[in-house]
Structures are given as structure tokens and as C-alpha cells.
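The values are calculated or read from the model by the stated rules, or taken from the named source; none is laboratory data. Worth saying up front: this structure is predicted, and the values here are computed from it rather than measured. Reconstructed Cβ throughout: ideal geometry from the backbone, glycine too, with neighbour counts over all protein chains shown.
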């Protein structure tokens, strides 16, 4: 019975209905919105568990739970969704982070710090923000489940709308609209380039009612020169989304001015669309061009690792620092993918999940820290000091999150990073050697930041700030537990990733 249910559509529709419910709540009753949003996100998580029950883990390398309906048959577009082990875990990552973001956001938009009409206005503002989070949840499910190139492209572009408003309308600082526009422009340029490539791929395939299905387009391009150009079109869009050097500059500005919860979803989940797209579109649609471009992409990945790490060390704004660490980490993910080995792809896929857990925890803890600054919103590292004696639990959580960012043994990030490095050294020794310097840079930017914020003399104005409360502990606890559990029992995730990785490599090898 579980197999017959349209689980992926249900997962996509429920949060959208939830968003509509939130928007229908009268402004005067906005105080109930956080509880309603949290309840909807928890229902979604229960549905996710049922989806896992319906998924055949022994066949994780193939796409399952398939649904296909003619959407726009005149142009060959279908509503086609399915998941393999990688896409299912990325959907799970998104649906885990959403309730944590909702729970963390209860005070993020000023709720609890105002009274009277201001309190009503703050609650109403939070209601709209949480509705956008739920809309974004729908898009996150669809993008990782899409098996039609046109559907993938439509969702790829549509999700820019809620993120734009989550940054521009609910962000921090006078330059939040600038950051939102910069994010939108970079993404639109990448999307436009990909659209041209999408059209080009369609005309190389069988066309007809199901002409955009990925399965129908795989292996359809017989012109080597055209395949390379189409690959470049897709790759540029995915490199911007990832983000990779040199098209990464939108990320630090966005992270600096976005709410902490938005950064969690943007960097922890949405940026994975770039690397996920490389796996499920670039490799099967352009296998020969993938092999052709791999050496150049590996160079860019290594540059991203070192460049991101170096710039993270010198940042004064904590959110920009975390953003630059992600540029470095995405370099590792791309490096693993373009080793074009099963072990490298499995390590990169596991890295995507672990990065979401680690960076999501860092952004959430950073958001809690900012609420304890002098003005309740400062993000400058220099505005803190000695917080370890004031907020020891917060300091401990930040320290563990930092250790996960530098891939400390015992935490799940270590498994994925060492897998990528071992594979890179085996396939391209020079790339692995240079990439290994990223481990040293990570230790520097994490430990230096921790020292500045949490050790040394206390800032007197911060001496009476409270430690993490019960709600905040509930936010960080699931991520801490997962980082530890997957660090000691990584096969809980890897058993979903090994088969899809081997399948992707066999497709590339079979075409060359």
C-alpha cells in the first residue's frame, strides 16, 4: 500500500497548503502562525518517514516512487518525479532543517522584544516570513525529485521568488535589498544560460510528448562539439548556484544580510542544487563532455577550496566568514564529483548532506549569538569576547559546529572529506595534495574565530546575557546528534549513496 501512494507529490503539496493557511490567518491572530507553521513542518517530517518506508533501500541506485503526468504535451513537458538514494537524502535534509528554522525564527523577526501594536506587527511579519519558508519547502522537494528537465528548470527559477523576499524584505542591514538583487541577478543569468542549453538538449532528443524526460535525453546527443557547449551551459548555472570560484561573490553578501534561518536553507540546502544538478543532469546527459571538462573543473574546485579558506580567515562579519567556508566546502564536493569514481561521488554526495548539517548548525548558533549582542543584532566578531564564561552551552555548541566544519574525526563531516581527499589523491595526486591544505585553513578560520568570540576578557555589556534556552536547545540538538551518529555509523547514509554513485560512474564510463 505504501508503494502506491504519490508520496513525492504529497510532500510537495502539504507545505504549500500550509503557506496558504498562514496567509489566510488574520493579522490580529498572527501570534498563532509560528505554532501552525511548526505543526505543518512536523506533519511533513512524518510524511517523510513514511516515504522512507516506501523506498526500497536495496535498489537505491535506481529512481523509485515514480509519478508521471503529461503537463504541457505540446512542448514535451511532463510532471515527472522520482527519487534515488541521493535525492531522497537531500529531501530529508531539507525537511529536517525546515522545522528547526521555524523554531529558531520565533524571535528572529523581533517577536518577543516588542509590546502592543509593535508586537502585533512583529507577529504579522513573522507570519509572512514563515509562509515563504513553507513555499520554499515545496520547491525544495520538487527540485530534488524532478525527472523532467523542463520541470527542473521551472522549479530552479521559481524558487528564486520566495528567497528574494526572504532576503530583501526580512533581512538585516541597509544593504539587504542590494544583497537580494545581487542574488537574483546572478541566479537569473545562470538560469537564462541554462534555459538555452535546455532548449538545445530538447532538440537533440526524441521530442514528442515526453521529450524533456531525463531518461529519454540521456545519450541522445551525438555531436561532440554541441555536447560540450550544452554541458557548459548547464555547468555555469550550477557553478553559480553551488557556488564555485569565480562566480561565488553573491553568497557572502547574501549570507551577511539574510536572516540566519534563510541562510540555513540557502546554503544548507538550496546551494546543493548546483552540485546535485551536476550529478543528475551533467553526468548522464553529457558523459563525454563531462570527461572533457573534468580537468578544468578540478582546478576550479581546488582554487575554491583554498580561496574560500583564505578569505574566511580574514572576515570580520561572522556570517560572511561562514559563507566563505562554504565556498571552500563546495570545492571539496565538486572535486569529489569530477574524480568520476564511485568512491569520489559517494563521498561528495555524503559531503552534501554533512555540509547541510554542519553549516546549518553554524548559522543557527550564529543567529542565537547575535541576539545576545549589545543591540541584539550585531554580527561583527569584534563585538564579542569572553562569551564562554557567559554562555557556556552556546559556546560548546558553536565549538562542536566549528569542529564539524573543520572535519574533526568522530563527526560525520570527517568521513565525507577524507573520502573525497583519498579519492582525489588516487585519481589526481596533485589535486588531492593542494586540496588537503583546505584542512589546515579550516582549523585556522574556525579556531581563530572561536578564540575571538568566546575566550579572552568578557565584554562587560554582555555579562548578563542568558545562555541557550529550552527552545534553542531543541533547535540545535537534532543536528548535534546527527553529526555524532553519522560520524560513528556513516553507513546509515552511505547505504543510500553507494549504488547511485556506481550507477552514475557506469553511465560515464559506458559512453567513453
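Between 22, 50, 16, 8, which is under 23 Å from residue 493 (Cβ atoms), touching a residue at least 60 places away in the same chain (Cβ under 8 Å) and in a helix (DSSP H, G or I)? Explain how you work it out, then say what you get.
Numbers: 22 fails: under 23 Å from residue 493 (Cβ atoms); 50 fails: touching a residue at least 60 places away in the same chain (Cβ under 8 Å); 16 fails: under 23 Å from residue 493 (Cβ atoms).
Matching residue, one of 22, 50, 16, 8: 8.
I'd like to know if region 427-436 contains one or more residues that are touching a residue at least 40 places away in the same chain (Cβ under 8 Å), closer than 27 Å to residue 266 by Cα and touching a helix residue (DSSP H, G or I) at 6+ places or on another chain (Cβ under 7 Å).
Yes, the conditions are met somewhere in region 427-436.
When you look at residue 177, is it without any contact (Cβ under 8 Å) to a residue 40 or more places away in the chain, assigned to a helix (DSSP H, G or I) and surrounded by fewer than 24 Cβ atoms within 10 Å (Cβ to Cβ), yes or no?
Against the criterion (without any contact (Cβ under 8 Å) to a residue 40 or more places away in the chain, assigned to a helix (DSSP H, G or I) and surrounded by fewer than 24 Cβ atoms within 10 Å (Cβ to Cβ)), residue 177 qualifies.
When region 461-512 is examined, which residues are found to be loosely packed, with under 13 Cβ neighbours inside 10 Å, part of a loop (DSSP other than H, G, I, E, B) and under 25 Å from the mean Cα position of the chain (by Cα)?
Correct list: 489 only.
State yes or no: is residue 352 surrounded by 19 or more Cβ atoms within 10 Å (Cβ to Cβ) and touching a residue at least 12 places away in the same chain (Cβ under 8 Å)?
Here the answer is yes, as residue 352 does meet what is asked.
Only one of (1) surrounded by fewer than 20 Cβ atoms within 10 Å (Cβ to Cβ); (2) in a helix (DSSP H, G or I); (3) in contact (Cβ under 8 Å) with a residue 24 or more places away in the chain fails for residue 458. Which number is that?
Only one criterion in (1) surrounded by fewer than 20 Cβ atoms within 10 Å (Cβ to Cβ); (2) in a helix (DSSP H, G or I); (3) in contact (Cβ under 8 Å) with a residue 24 or more places away in the chain is unmet by residue 458, namely (2).
Which of the residues spanning region 136-146 are assigned to a helix (DSSP H, G or I) and either in contact with a strand residue (DSSP E or B) (Cβ under 8 Å, 6 or more places away or on another chain) or surrounded by fewer than 24 Cβ atoms within 10 Å (Cβ to Cβ) (or both)?
Answer for region 136-146, where residues must be assigned to a helix (DSSP H, G or I) and either in contact with a strand residue (DSSP E or B) (Cβ under 8 Å, 6 or more places away or on another chain) or surrounded by fewer than 24 Cβ atoms within 10 Å (Cβ to Cβ) (or both): 138, 142, 144, 145.
Every residue, every condition in (1) at pLDDT 95 or above; (2) part of a helix (DSSP H, G or I); (3) in contact with a helix residue (DSSP H, G or I) (Cβ under 6 Å, 6 or more places away or on another chain), yes or no:
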{"position": "86", "(1), (2), (3)": "no, yes, yes"}
{"position": "111", "(1), (2), (3)": "no, no, yes"}
{"position": "114", "(1), (2), (3)": "no, no, yes"}
{"position": "117", "(1), (2), (3)": "no, yes, no"}
{"position": "120", "(1), (2), (3)": "no, yes, no"}
{"position": "126", "(1), (2), (3)": "no, yes, no"}
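Out of all the residues in region 241-260, is one or more closer than 27 Å to residue 62 by Cα and crowded, with 23+ Cβ neighbours inside 10 Å?
Scanning region 241-260 turns up at least one residue that is closer than 27 Å to residue 62 by Cα and crowded, with 23+ Cβ neighbours inside 10 Å.
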